[in-house]
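Here the structure is laid out as structure tokens; the discussion comes afterwards.
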Amino acid sequence: MIERKLNSRLTDSRVDSFPSRRKFLYGASLAAASLALSRDESAFAWTAASQSAPAQEPVPDYRIEIAEIEWELSPKKKIRTAAYNGQIPGTLLRVTEGKPVAIEIVNHLDRAEIVHWHGQWIPVEADGAMEEGSPMIPAGGKTLVQFTPRPAGLHWYHTHAMGNRDLKRGLYSGQFGVLLVDPRSNPGAYDQEQFIVLHDWEAYYSASGDGSLMVEYVCGSINGRMLGHDAPIEVREGQRVLFHILNASATEPHWLALPGHRFKVLALDGSPVATEASVETLRLGPAERITAMVTMDTPGVFVLGEARDEFRSAGMGTVIEYAGRTGKPVSPQAGKLKWDYRAFAKANPAVHTPDVTIPLVFSSRFKGHGALDKWMINGKSWPDTDSIVLREGLRHRLVFVNKSTDDHPVHLHRHNFELVSIRGAATSGVHKDVVIVEAGTTVEADLLATNRGNTLFHCHQQDHMDSGFMALFRYA
Ligand SMILES: [Cu+2]
């Protein structure tokens, strides 16, 4: 029987164990490919990341195999997509802050790939962004990535390849998984933990009001299954369930609710919040993570899912069932969709004076009917965007000015930032590595430059990133 908890079904993919049925089948399906490759080891060209490693290669703690798979979102919906270790989401990588980890990545695809460690403050060689200078993994090649995980919290790993106009590549595919960095200290008391990973599938282009193209999806899933096609999460009255929630969608923000329950938000993007506020509905832009505790105090059967009917009926939901309760699950009502990062901030914002202020103005250029808009930072599109120079040790105030009519989940690699104002209202105590800058608004965030090396900044919406919404920060 397939394990129902993501945690237990994924932790068995450590290199030295091989017990689960799903993993076993995957091993069998790849046997032919491995055999072919073993005849000619030179086909496995070690890439630059491993050449800088010690002569004695360490035994990897984890292995990630990138391959095309057929995946059953539901019995009626089978898709083909590239994924990690034959499962969606990929193997849960659970590591400890400060304890070095070695991960072997094998690319069985016929194209070069790259894996980014989102939220980790690690060197460029390991980070996984070719624009920074991290090496790609060639088609049929493999690499060994080594880094010391920091900071603790809910992070993730995913392809950083471009999707361009191919809606099966990049984050439109199944190439994503959870990287949970446990703190060295006790993370707190809870009765069980659950991982909730959102994704949208079968992307297609549709014409927006002005005739330019936008991405939409046929269906969505939680933990790789459409609503009603995964085993329910079983809880008991009084339990405190720690939810690790990741929006791994290529382009869509999502709203999540569990009727009759509230989410006590403990951390955003893995970073503990100043105020652990309780909310009814969570908003997660692409790449955002929320760590939240739910006290199970309303017995029944419920859908934990998208608060909006159209997304939930397209599959984005999972059932939560109290012990001994049966019946039709109660779905979230489309209530007010309200989200304010400041709910989790310090009650009295701390005031800091930045050493440097860096305006970053986001705008788009209409490229015509049937075309993708071109996205710009300070008037230029990648690869022509001006690079931003950071000075080590200084406090840089990033002023995100969104002059467009879209919201943008902007992301900074290898660092995080502290939100200092949203729509002109001062704030502090919320540290993130992705922030949604809503259409027509300004968000300010302070970046402490403490991790030398090239640092990519981009919109995490795949089609925006692919259309120029990227810039490189570099240290002076
Ligand atoms: Cu964007």
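Considering only the stretch 185-244, how many residues are under 19 Å from the mean Cα position of the chain (by Cα) and surrounded by fewer than 17 Cβ atoms within 10 Å (Cβ to Cβ)? The number of residues fulfilling the criteria is 1. Of all residue pairs spaced 6 or more apart or on separate chains, those with beta-carbon atoms under 7 Å, a first member in the stretch 447-470 that is on the phi > 0 side of the Ramachandran plot and a second member that is within 10 Å of the ligand (Cβ to nearest atom) are Gly468/Trp375. The residues in the stretch 129-185 that are small (Gly, Ala, Ser), free of Cβ contacts under 8 Å to residues at least 60 places away in the same chain and under 25 Å from Leu92 (Cβ atoms) can be counted, and the count is 2. Pairing each residue of the stretch 354-369 that is closer than 22 Å to Glu444 by Cβ with any residue that is in a loop (DSSP other than H, G, I, E, B) and among the aliphatic types (A, V, I, L, M), provided the two are 6+ apart or on different chains, yields C-beta distances under 6 Å for Asp355/Leu394; Val356/Leu394. Among the residues of the stretch 450-476, the one identified as in contact with a Phe, Trp or Tyr (Cβ under 7 Å, 6 or more places away or on another chain), more than 14 Å from the ligand (Cβ to nearest atom) and hydrophobic (A, V, I, L, M, F, W, C) is Phe473. The set of residues in the stretch 370-425 being more than 16 Å from the ligand (Cβ to nearest atom), among the hydrophobic types (A, V, I, L, M, F, W, C) and assigned to a loop (DSSP other than H, G, I, E, B) consists of Ala371, Leu394. Out of Gly335, Gly305, Gly327, one residue alone is surrounded by 15 or more Cβ atoms within 10 Å (Cβ to Cβ), touching a residue at least 24 places away in the same chain (Cβ under 8 Å) and out of contact with any Asp or Glu (no Cβ under 6 Å at 6 or more places or on another chain). It is Gly305.
All of the numbers you see were taken from the coordinates with simple rules; none came from a lab. This one's a predicted model, so the numbers in the text were calculated from it and none came from an experiment. With ideal geometry, Cβ positions are generated from the backbone for all residues, glycine too; neighbour counts draw on all protein chains shown.
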